[in-house]
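Below: one structure, written as structure tokens.
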Amino acid sequence: MRWLPILLCSAALAGDTDVAGKIREAMAKGDYAAAAALYSGLINGGQASPELRSNYGLTLHLAGRNQDALEQFRLALRQKPDLTAANLFAGVALVELDRAGEALRYLDRARSLDGAGAAPLVALGKAYVALRDFAKANAAYAEAVKRDPKLSEGWYGLGITYRSLAEEQLNRAAHREPGNAAEWRRLLDQSLVALNQAVALAPDSPRAHLILGESLRDSGKLVDAIPEYQAAIRLAPKMQAAYLGLATTYWKNGDFDRALPELDRALDLSPADPEANAIYADILEHRNDPDNAEKRAMLAVAGNPRLFAAHIVLARIYLSRRQPEKAVQQLEQVVNADPDGSYHFLLWRAYKLSGKPKEAEAALAEFQRIRSTQQP
């Protein structure tokens, strides 16, 4: 985590300059295991100060040994509870161990001890993201960039949490819960501002370009999204999500000829990807290839039974084959999340072909109700 400080306790090593030099050399080379072994030797030799244990824990963390690192941080904090680095990295280690709830007390402590630094706030933001508390994560990232306006990691976190909050608004609306379209738009706009700042500060970050592309696409700015996905691909040629995002953008824009090659690349990297298969199915169905479209849609549903687009493709295929009962089975799984009435319109057709006039009438009435609520 490049935004976190890597500290060596020079005071603790003042009497052992040879070992201190070796530790610095190992850290400079990225050989954290070697640095950890040197710290271990010092501690076993009797130099077990809390600062030294904290630095030992840091090297263990960087070497990927988070559980061992956590033990050292806790030993350090028993001796010196106000040690900022030990609190910070204990929290970071716990997040990486999928124990974000336990991390909060350490990270809150680090934030209170370091009243000017942004690192504890970024770590706290990551913990709240892991807990899916996007509002608190967003507040932590906002404070981080206030403290350090040039911190790309903070702007990136702010952007993805604004985007996650926007998705929560959209999901509430999809499930007929109280949602706010204006708030959804505001949050997406805030996401775009933050992600543009992240990209400006870290132009070589493929994930920043990727998420900026996603946010632009969700905002309806399809043309602007395309170069962001392309930048992500240039920087990370095996980033499957970037190919899928680019394909999705072309698909939403009705450009199937450009979408298909990107889908092929996405599926080469992840053949069972549900979203890629669902989009492929939709394109094939529109191009009058229902058999292959059905195969793709079934793959998509197998990977993600809640992927509405795949169920809709299957329903359209079954209606074209005059198999209304099978279409009803697909539509009944998604109709409660009907975004614009189109699902109920298909359901009306399916019930009508099935010889179920009462059900057809109810579906048509719901279609008309949804459409009436969307009139300007």
Completion exercise
Reported set for the stretch 255-282 where residues are surrounded by fewer than 20 Cβ atoms within 10 Å (Cβ to Cβ) and not in a helix (DSSP H, G or I) is D255, S270, P271, A272
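Residues checked against (1) out of contact with any strand residue (DSSP E or B) (no Cβ under 9 Å at 6 or more places or on another chain); (2) in a helix (DSSP H, G or I); (3) at pLDDT 90 or above; (4) polar (S, T, N, Q):
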{"position": "V328", "(1), (2), (3), (4)": "yes, yes, yes, no"}
{"position": "W348", "(1), (2), (3), (4)": "yes, yes, yes, no"}
{"position": "K358", "(1), (2), (3), (4)": "yes, yes, yes, no"}
{"position": "E366", "(1), (2), (3), (4)": "yes, yes, yes, no"}
{"position": "S372", "(1), (2), (3), (4)": "yes, yes, no, yes"}
{"position": "P376", "(1), (2), (3), (4)": "yes, no, no, no"}
Practice task
Would you check if there is a residue in the stretch 157-168 being in contact with a Gly (Cβ under 7 Å, 6 or more places away or on another chain), among the charged types (D, E, K, R), part of a helix (DSSP H, G or I) and over 27 Å from D82 (Cα atoms)?
Solution key: no
Problem - Qualifying residue in the stretch 324-335 (condition: more than 37 Å from the chain's Cα centre (by Cα) and surrounded by 15 or more Cβ atoms within 10 Å (Cβ to Cβ)) - result: yes
Practice task
Six or more apart or on different chains, Cβ under 9 Å: which pairs go from a residue in the stretch 251-275 that's over 18 Å from K221 (Cβ atoms) to one that's acidic (D, E) and part of a loop (DSSP other than H, G, I, E, B)? Could you list them?
Solution key: A266/D273; L267/D273
Exercise for the section: Kindly establish whether W155 is of a type in the set (F, W, Y) and at pLDDT 90 or above. Expected result: yes
Practice task
Answer with yes or no whether L210 is over 23 Å from P237 (Cβ atoms) and in contact with a Phe, Trp or Tyr (Cβ under 8 Å, 6 or more places away or on another chain).
Solution key: no
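The values are calculated or read from the model by the stated rules, or taken from the named source; none is laboratory data. Because the structure is a prediction, the values reported are computed rather than measured. For neighbour counting, all protein chains shown are included, and Cβ atoms are generated from backbone atoms with ideal geometry for every residue, glycine included.
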